[in-house]
Amino acid sequence: MAASFFFFFLLFGLLLPYLSPVLLDLGFSKSQTGLILSGFYFFNAIMPLLGGRLSDRFLSVDRLLRLDALVLMALTPILWVFSDEAGLLFLLPLFLFGAAQAPVISLQDTLAMQVSGGDPKRYGHRRLVGSLGFIVSSIGMGYLVDRFGLRIFFPALVVAALLFWLNSFFLPREIKPRQTRRQSPFWRELTGSWWLWLLAMMLHWLSFSPYHYGFTLLLIDSGISAEATGWYWSLGVLAEIGVFLASGWFFKRWHYRTLLLAAFAANLIRWLVIGLYPVAWVLGASQLLHGLGFGLFYAAAMQAISRFSQQGNRASYQGLFSTCVGGVSAIVGSGLSGWLHEQMPIREVFLWILPLQAAGLVLLWLNPLKRQDPASELPQTLQAERGRP
């Protein structure tokens, strides 16, 4: 399971820091790049939930992951071949690639929570191996770009996708829970509290959009070399690894909601200092907050979903979370970041996103995540009991 995280984030460590610069290098404008990224992430608003529902109702998570890995491996050579054209023959496989990668993380998380028995420490230790893959990829890519240019991105993508596919044959099998009662309809389990909580998560992730879209561009504007770019990205991931390693310590002392509030506050500080003082040492120091803003956020969100969800619908909850947070928020944020970047320097884009981060923090503070009152479900339970022989 840990190796699956490693090889997928080896792939993701190419996409996140370098896809924007590669698209700009291919001749797309800043606005077009933002729109293309929005199209790429559009599938994150569909496929994770679809994958979760397919898993809960028909197929096992490990089989779906194996199928995704096969599609990714098949598409990467096509992207490489048509990268010089930068037209429809390039964009179509790029969007298909986005569709195939979209459900992977939510499916991995579902399987990892099973393997870890829901324990935050065991989950965090497996998940941090993915962060190591991101570090290897982003640093290695920075080294290659500095020597061979941005077009080395495509053969590197082929190698990473091949490794992920080969690893998929060794995934642990998902064990479906035995249903001791009739499984409640998924959509009826979603309370108003759940939707407000999910909206706060979406605002938090939307505030990451200038970072995902333009942190590499900001580093370049600040005079940082292409080779050093990978190290700056990796510094944030190292902070993330530290949080995953300490996840057991965190969750023994504080409730997941308290940890989520800390993660939101850390990002608020982070985007403020990046926007106001984009110099080399500040950019490096701000990456240390990534451990709280992302690592702690993600671990705490997984705990919230685990405690809220019914066992039989867990993949659906993971899929809905990824659809709304990694999909809808990424679509809106990428398009917004590209449009804002046309109007102003990239550092100012970080400042314009601050009100959304603040709104997410306030919403999370005002809305504790609660399940429906069990008493309200009692008549349905009694009716089901009477219907049994």
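FYI, it's all coordinate maths here, none of it is from the lab. Quick caveat: nothing in here was measured; it's all calculated off a predicted structure. Please note: Cβ atoms are built from the backbone with ideal geometry, for glycine as well, and neighbour counts cover all protein chains shown.
Rounded to the nearest 20 debye, the dipole magnitude of segment 168-290 is 960 debye, with +1 charges on Lys and Arg beta carbons, -1 on Asp and Glu beta carbons, and the Cα centre as origin.
Think of each Lys and Arg Cβ as +1 and each Asp and Glu Cβ as -1; about the Cα centre, that makes the dipole of segment 50-171 roughly 340 debye.
Note on segment 76-123: the alpha carbon radius of gyration divided by the globular reference 2.2 N^0.38 Å gives 1.76. Between the alpha-carbon centres of segment 204-237 and segment 243-271 there is a gap of 22 Å.
So how far apart, in nm, are the two label points at A74 and S193 if each is 7 Å from Cα heading toward Cβ? Simple spin-label model gives 4.5 nm for this pair.
Taking the chain as a Gaussian network of alpha-carbon nodes connected by springs under 10 Å, the highest mean-square fluctuation of the residues V328, V104, V282 belongs to V282. Rounded to the nearest 20 debye, the dipole magnitude of the chain is 1640 debye, with +1 charges on Lys and Arg beta carbons, -1 on Asp and Glu beta carbons, and the Cα centre as origin. Here the gap between L166 and L88, fully extended at 0.36 nm per residue and compared with their Cα-Cα distance, gives a gain of 25.1 nm. Taking every C-alpha pair closer than 8 Å and separated by at least 6 residues, the mean separation divided by the residue count of the chain gives a relative contact order of 32 percent.
Net charge in the neighbourhood of S116 (other residues with Cβ under 11 Å of its Cβ; Lys, Arg +1, Asp, Glu -1) is +2. For the chain, the number of Lys pairs separated by eight or more positions or lying on different chains, with C-alpha atoms closer than 28 Å, is 5. Placing unit charges on each Cβ (+1 for Lys and Arg, -1 for Asp and Glu) gives the chain a dipole about its Cα centre, and among F9, P48, M344 the Cα reaching farthest toward its positive end belongs to P48. Between A285 and A262, the modelled label-to-label distance comes to 2.1 nm, taking each label 7 Å out from Cα in the direction of the beta carbon. Count Lys and Arg as plus one, Asp and Glu as minus one, and take only other residues whose Cβ is under 15 Å from that of P345; the net charge is then -1.
In the chain, a dipole from Cβ-located charges (positive for Lys and Arg, negative for Asp and Glu) runs towards its positive end, and of H212, W271, L59 it is L59 whose Cα lies farthest in that direction. Considering only A112, F90, S31, and ranking their Cα positions along the charge dipole of the chain that arises from unit charges at the beta-carbon of Lys, Arg, Asp and Glu, the one farthest toward the positive end is A112. The local environment of E227, defined by Cβ-Cβ distances under 9 Å, has a net charge of 0 under the rule Lys, Arg +1 and Asp, Glu -1. Helix content alone sets the calculated 222 nm mean residue ellipticity of the chain: runs of n ≥ 4 DSSP H residues at -39500 (n - 2.57) each, divided across all residues, give -24000 deg cm²/dmol. Peptide packing for 23-30, 261-268 was compared via the average number of neighbouring C-beta atoms within 10 Å per residue; ordered from the highest value, the list is 261-268, 23-30. Over all pairs of different C-alpha atoms in the chain, the reciprocal of the mean inverse distance, the Kirkwood hydrodynamic radius, equals 21.4 Å. For the listed peptides 290-300, 140-150, a ranking on the average number of other beta carbons within 10 Å per residue, highest first, reads 290-300, 140-150.
Distance between the 7 Å Cα→Cβ label points at F95 and W339: 1.9 nm.
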